[in-house]
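Nothing in this text is a laboratory measurement; each read-out follows from the coordinates by a stated rule. Everything numeric in this text was worked out from a predicted model, so none of it was measured. Because the Cβ atoms are built from the backbone with ideal geometry, glycine has one as well, and the counts that use them run over all protein chains shown.
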Amino acid sequence: MIDLLFIRLFFILVTSLCAFFLQPFSLSPLSSGLVGLLLGVGIVLFEIRIRQITLKRLIGAAIGSILGIIGAYFISLVLRQALPQNSSTIPFLQLLILLLMTYVGLILGANKGDLLNLSALGGVFGGEKIQKHSFKILDTSVIIDGRIADVVETGFLDGALVIPQFVLRELQLVADSPDSIKRNRGRRGLDILQRIQKIPDLNVQIVEDDFPQIRDVDMKLIELAKLYNCKIVTNDFNLNKVAQLHGVDVLNINELANALKPVVLPGETMRVFILKEGKEYNQGVAYLDDGTMVVVDNAKRLISKTIDISVTSVLQTTAGKMIFGKYDERVHAVHDKHLGSEKPSREHHPAASAPPNS
């Protein structure tokens, strides 16, 4: 990186000196040197930005620009025959059409560049296919959930994280919701995105690809995953099932949490924070850090308390895991709220907040 910085500074210096001595546009030496400096900085900034673009998009942009220039040339030939030769409008229209066709070709070529199959050419282009498969698309629910930031920081997810523009729009709508709960969830999601973007050596890409003919965000995610031939990262149970039906691979954060957390056996003791009243008589409900629901008998009067309970049973379903326990005041203790973060004897950490919506 230091060598690259010196090369960039040297390039800017050379550009400034060339402009200073050659004095383009009949400018003064000082003005020419300033123009060269600005030009060199602009070229370096363009180089930094273009390094983040995939080879497919670069090739697509180049092809689109060439086709646009060719199209503008043929249109200019038609204009020469259609308009009077002494008209001053012809040069202006020719220049305007050239700029328009080149710009449109550049943008369309870059957007459609990912459809190119460079691996068929072999050689140096074969690596693009591997990089494309390493993309991971984040959906709204997994961003709001927040655990994806912890997973990324551990380095278990390789490749680039792709955040579609329509997911950002949905997240913004949630953050601007008049409902305070939804608004807090949306703002939490935006904070998680900022945290992810600040992780060093992590490639985060925001893509503009959209499917206007599809209104449902989940189906847009599936179509985008098909387009990029990559995986979706989510904790939405319904999206997980629908994506599998469409042949799209899914990385489910809830499944990862269930696979990694310690096994809870009946008879064990765990510490939980009673968050709300249960559906049945004298029941309290708590949640673990991963959103697992813990139903506790004899805990209705202990809402907003951290208590020790005995596990009675564990129910595993396709949608997740539920833990059932009971509180016995003759055996277990009640802790103050600030003690809820203490490390229990069996390494079970309760959550002192509402569970994330999946």
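Here are some notes:
- FRET efficiency, 1/(1 + (r/R0)^6) with R0 22 Å, evaluated for Leu260 and Gln316 via beta carbons: 0.90
- Peptides 44-51, 270-277, 244-251 ordered by average Cβ neighbours within 10 Å, highest first: 270-277, 244-251, 44-51
- FRET efficiency for the Tyr281 to Ile199 pair, using the beta carbon distance and R₀ = 51 Å, is estimated at 0.60.
- Spatial separation of Cα centroids for the stretch 1-54 and the stretch 145-196, in angstrom: 38 Å
- Rotationally averaged projected area of the stretch 2-114 (alpha carbon convex hull; nm²): 9.8 nm²
- Cleavage-rule hits, GluC sites (Glu not before Pro), the stretch 160-252, DSSP coil, Cβ neighbours within 10 Å at most 11: Glu208
- Residue pairs, from the table Lys241/Lys321; Lys182/Lys231; Lys198/Lys226; Lys279/Lys326; Lys241/Lys276; Lys112/Lys226, whose Cα atoms sit over 21 Å apart: Lys182/Lys231; Lys198/Lys226; Lys241/Lys276
- Equivalent-ellipsoid semi-axes for the stretch 134-258 (Cα gyration tensor, √(5λ), whole Å, largest first): 20, 19, 14.
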